[in-house]
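Asks: Take this structure first; my questions come after.
Throughout, read-outs are computed from the coordinates displayed, never taken from laboratory work. This is a predicted model, so every value here is computed, not measured. Methodologically, a virtual Cβ is constructed for each residue, glycine included, from the backbone with ideal geometry; neighbour enumeration extends over all protein chains shown.
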Amino acid sequence: MNTTIQPEQLLTQLNWRYATKQFDPTRKINDRDWAALEEALRLSPSSFGVQPWAFIVVQDPAVRAKLQAASYGQRQIVEASHLVVFANKINLSESDLDAYLTRMAEVRNPPSAVRNTPVEGVAGFRGMLVGALIQGMDVPTRNAWCRNQLYISLGTLLTSAALLGIDACPMEGIDRAQYDAILGLSEKGLAASMVATLGYRSPADQYAAAPKVRFPKEKVFIHI
């Protein structure tokens with residue numbers, strides 16, 4: 001059964017959230033809430049549904065200390081309860097697309113109806129994907145396309161965290177090459193793009209009570 005929240009609840013939480021500058025290092029996200037946030041990330045939409053990404057959850061304090069140095073010393077990296085590195089696939093290939101189509105067949109067909117060739121029923125869709133993403137783009141353009149998909153999942157995580165009363169801070173101020181080296185991403189066919197730190201705001205964070213600076217509706221909405 002579908003459940004909904006009231007519009008006022010949504011807006012209250014979105015007004016409550018902010019890019020947390022100082023976390024309380026003594027407060028940790030409980031396992032139940034974190035499992036929900038990971039599932040929210042897994043459910044994030046992507047163009048064509050391809051999901052050209054991986055989410056690296058870094059809990060090891062020693063690794064996080066190295067990542068802080070690769071993040072211009074930003075304290076959220078080590079103080080937050082959880083750190084997620086958003087990584088995009090590099091040089092997305094036809095085999096990546098076939099893996100997605102195989103998964104589609106697994107999900108949409110009962111075990112008794114498993115096909116010998118899982119993607120045979122979606123040949124037209126496969127051709128469209130290959131034409132658009134492989135033949136229609138060079139490698140740098142394809143990598144940029146994959147990276148842009150991560151902003152969708154980042155938005156999903158930030159909103160989901162706010163609805164659970166969990167603070168978060170999206171961060172692009174990182175040395176991506178250092179992140180790739182520290183986490184061994186290149187050999188996994190991945191590249192770090194951005195990070196999100198999550199936890200609970202420190203009472204000393206002066207930005208928590210600062211009013212949001214947003215343009216008025218008439219400046220950003222065009223109704224036609």
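Asks: So if R0 is 41 Å, what FRET efficiency would Phe221 and Ala62 give, r being the distance between their Cβ atoms, rounded to the nearest 0.05?
Replies: About 0.30, to the nearest 0.05.
Asks: How would you rank 205-213, 99-107, highest first, on the average number of other Cβ atoms within 10 Å across their residues?
Replies: Peptide ranking by packing, descending: 99-107, 205-213.
Asks: What do you get for Rg/Rh of segment 1-68 when both radii come from the Cα atoms and Rh is the Kirkwood radius? Display every interim value, and only then the final one.
Replies: On the way: Rg = 16.0 Å, Rh = 15.7 Å.
Using Cα coordinates only, the ratio equals 1.02.
Asks: Out of every Cα pair in segment 151-224, what percent are spaced more than 21 Å from each other?
Replies: 51 percent
Asks: How big is D, in µm² s⁻¹, for the chain by Stokes-Einstein at 37 °C and 0.692 mPa s if Rh is the Kirkwood radius over C-alpha pairs?
Replies: Details: Rh = 19.7 Å.
Stokes-Einstein gives a translational diffusion coefficient of 167 µm²/s.
Asks: Can you tell which of Leu92, Leu11, Phe48 lies farthest toward the positive end of the dipole of the chain, using +1 and -1 charges on the Cβ of basic and acidic side chains (Lys, Arg; Asp, Glu)?
Replies: Positive-end residue among those listed: Leu11.
Asks: OK, next. Does anything in segment 95-109 have its amide N under 18 Å from the 7 Å Cα→Cβ label point of Ile152, and if so which residues?
Replies: 96-105, by backbone N distance to the label point.
Asks: Shifting gears a bit: Give me the percent relative contact order of the chain, please, defined on Cα pairs under 8 angstrom at least 6 residues apart. Kindly include the intermediate steps, with their values, before the conclusion.
Replies: Numbers: 298 pairs, mean separation 77.8, N = 224.
Reported relative contact order: 35 percent.
Asks: Here's something else I'd like to know. Can you give the helix-only mean residue ellipticity at 222 nm for the chain, where every DSSP H stretch with n ≥ 4 adds -39500 (n - 2.57) and the sum goes over all residues, rounded to the nearest 500 deg cm²/dmol?
Replies: That calculation yields -12500 deg cm²/dmol at 222 nm.
Asks: Quick one: putting +1 on the C-beta of Lys and Arg, -1 on the C-beta of Asp and Glu, what dipole do you get for the chain around its Cα centre, in Debye to the nearest 20?
Replies: 400 debye
Asks: Cα centroids of segment 33-94 and segment 130-158: how far apart, whole angstrom?
Replies: 16 Å
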